[in-house]
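Input: a single structure, listed below in structure tokens.
Quick note: the coordinates plus some simple rules give every number you see, no bench work behind them. Predicted model, so just to flag it, every value in this text is computed and none were measured. Backbone-built Cβ (ideal geometry, glycine too); neighbour counts: all protein chains shown.
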Amino acid sequence: MSHWEAILRWITKYNIKSILDAPCGSGSDHGAFRQAGVERILGIDLVASEGPDFLRADLTVFHPDRDWDTVYINCIFCSNVVGKGDHAALAKNYASWPVRYILLYDTPGFNRETHFLEAGWRKLEDEDDGQGHGSRQQMWGK
């Protein structure tokens with residue numbers, strides 16, 4: 001099973017129509033999101049990407065200026081490159097965003113769950129990606 005199976009199922013189940021794709025907002029995921037019914041996507045990453053639906057930002061301090069259905073977080077907590085802050089600053093910042101859900105695909109390493117729970121989030125769904133390296137797909141809500 002690929003991680004897309006759970007991600008796309010949850011996008012449909014939770015009626016997600018707008019996604020902040022942060023990080024890895026290069027657009028490679030946007031086609032799959034649109035096929036699942038997502039109408040508005042903004043890709044955000046530490047590195048510049050081309051196009052009107054992308055921006056470069058430090059995710060430890062960036063804060064969206066309007067509401068979105070979800071942030072899709074793909075493989076940043078297992079990375080050493082998170083911006084000016086550390087993993088804790090990153091997790092706390094994501095937890096403060098004006099979104100209804102946090103949709104996460106990542107490999108365990110840094111305990112981001114503590115920061116999400118402290119900010120009032122609760123885990124709604126949690127699945128192993130079945131690839132044998134411990135990566136998880138999680139859906140969080142408030």
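Considering only residues of segment 3-53 that are assigned to a helix (DSSP H, G or I) and among the charged types (D, E, K, R), which is nearest to residue 66 (Cα to Cα)? Among those that are assigned to a helix (DSSP H, G or I) and among the charged types (D, E, K, R), it is 34. For residue 94, the conditions (1) over 22 Å from residue 61 (Cα atoms); (2) not in a strand (DSSP E or B) all hold with the exception of (1).
Considering segment 107-142, the residues that are of a type outside the set (A, V, I, L, M) and in a helix (DSSP H, G or I) include one that is surrounded by the most Cβ atoms within 10 Å (Cβ to Cβ), namely 112.
Within segment 103-118, residues that are under 24 Å from residue 16 (Cα atoms) have Cβ atoms under 6 Å from residues that are surrounded by fewer than 21 Cβ atoms within 10 Å (Cβ to Cβ) and aromatic (Phe, Trp, Tyr) in these pairs: 106/77; 112/77, counting only partners at least 6 apart in sequence or on another chain.
None of 61, 38, 47 is touching an Asp or Glu at 6+ places or on another chain (Cβ under 9 Å) and of a type in the set (A, V, I, L, M) except 38. When the residues of segment 47-61 are filtered to those that are within 20 Å of residue 85 (Cβ to Cβ) and out of contact with any strand residue (DSSP E or B) (no Cβ under 7 Å at 6 or more places or on another chain), the one that is surrounded by the fewest Cβ atoms within 10 Å (Cβ to Cβ) is 61.
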